[in-house]
Amino acid sequence: MSPAGPASASPLEREYDVRSERPAKSMKRELFSSGTPWEPIVGYSRAVKIGNQIWVSGTTATDNNGNIVGKGDPSAQTRQIIANITSALAAAGAQLSDVVRTRIFVTDMNHWEAIGRVHGEAFGDIRPAATMVEVRRLIDPDLLVEIEVEAMLGSGDDH
């Protein structure tokens, strides 16, 4: 901060000052688990909800027993992932229409169209901001896709 105080601070300093103020602790942080054994080991939650915002962790194509669904089939894996995301959102009181952002991680960008088509089936009317990137690999070589989402409760009420 400049010595003369906030009025003479540069725009960057003023922005920093506003952003560094701590919000009131009135918003509760809710954690949602899928029950997998690795969540406590790695130290993450399937989803986190604060206020009307929900973040769903990177989600892969596994069934309730942790088995990979759709080995070798990026479309089948994407469908399973979206089903898993739908369940996580429902646990937090949201639905797919509340999703405002998706991030798609693929191990082979040559599968972009198959993955994109399934994504489009689920999100075509919702049209969240989306990113698809190729990564070297995921935690298991049989996993071809991982998706994470961000949602805002009530943002999909008109869809």
**Complete:** Under the 7 Å Cα-to-Cβ spin-label approximation, residue 27 and residue 90 lie apart by a distance in nanometres of 2.6 nm
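Calculate the translational D of segment 45-104 in whole µm² s⁻¹ from Stokes-Einstein, where the hydrodynamic radius comes from the Kirkwood formula applied to all Cα pairs, the temperature is 25 °C and the viscosity 0.890 mPa s. It would help to have the intermediate numbers written out before the result.
Details: Rh = 12.1 Å.
Approximately 203 µm²/s, per Stokes-Einstein.
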**Prompt:** All other residues with a Cβ under 13 Å from the Cβ of residue 115 taken together, and with Lys, Arg as +1 and Asp, Glu as -1, what is their net charge?
**Reply:** -3
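Throughout, read-outs are computed from the coordinates displayed, never taken from laboratory work. The model shown is predicted, which means the values in this text are computed figures rather than measured ones. FYI the Cβ positions are ideal-geometry reconstructions off the backbone, even for glycines, and counts take in every protein chain you see.
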